[in-house]
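Only one structure is covered here, and it is reproduced in the block below.
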Amino acid sequence: MIISRSFWRKTLATIVAAVAFVWLYEVTILDSKYAARLASQHNASAPPTPGARVAYTATAYCKGMVTTSGVAVQSGVAAADPELLPVGSVVQIDDLPPQYDGIYTILDTGPSVQGRQVDVYMWSCYEALDFGRRPIRLTVLRLGWNPRATTPGFIDRLFKRPEVPALPSRPLPQVGK
């Protein structure tokens, strides 16, 4: 062979092989755990889409009279990070005990509610303390107050209704001219 006859070719082949082995040794190999960790970090800051089932942490609160949206606190109200779930969002929580399962409206925010965390309102502070912190999965039914940011219903998915174009706006008639 050509490499076996020359000392310099043998030396060059050895150096190239050594550099290749060192380079491969230093490279981070992307395994499934590493990719999953990167995906969870990326998705943790992205707002969920309507219809998405997302992992969150649930806690409970019992203090306050009026929510951020101006509504009196009551059962069915929850607080969330407005960057992820804006005020007016509607979510369904299924992973809690039966008395807490159901549909909640995000009407409140709080300084301690950040990231993928939901604070569920409870009338009794003892009950809220017993509730603690629990991992849950919630389904986003509507994102914010926009009715178009709603989970499509069965009929909408079945027939895929066409978008209705907005009517062109005309200037108002001038009075007194």
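The values are calculated or read from the model by the stated rules, or taken from the named source; none is laboratory data. Bear in mind that the values here come from a model prediction, so they are computed numbers and not experimental data. Heads up, the Cβs are rebuilt from the backbone with ideal geometry, glycines too, and the neighbour counts pull from every protein chain shown.
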Is one or more of the residues making up segment 44-63 over 29 Å from residue 104 (Cα atoms), over 24 Å from the mean Cα position of the chain (by Cα) and modelled with pLDDT of 75 or more? no
If residue 21 satisfies all but one of (1) outside any helix (DSSP H, G or I); (2) modelled with pLDDT of 80 or more; (3) surrounded by fewer than 11 Cβ atoms within 10 Å (Cβ to Cβ), what's the number of the condition it fails? (1)
Scope segment 67-89; condition closer than 8 Å to residue 107 by Cα and of a type outside the set (Gly, Ala, Ser); matching residues: 67, 68, 71, 77, 87
If you check 100, 104, which single one turns out to be over 20 Å from the mean Cα position of the chain (by Cα) and not charged (D, E, K, R)? 100
With the structure loaded, tell me whether residue 79 is touching an Asp or Glu at 6+ places or on another chain (Cβ under 8 Å), small (Gly, Ala, Ser), modelled with pLDDT of 85 or more and under 17 Å from residue 143 (Cβ atoms) or whether it fails that test. yes
Give the residues of segment 57-77 that are out of contact with any Phe, Trp or Tyr (no Cβ under 9 Å at 6 or more places or on another chain) and either without any contact (Cβ under 8 Å) to a residue 40 or more places away in the chain or in a loop (DSSP other than H, G, I, E, B) (or both), sorted by residue number. 63, 65, 66, 68, 69, 70, 71, 72
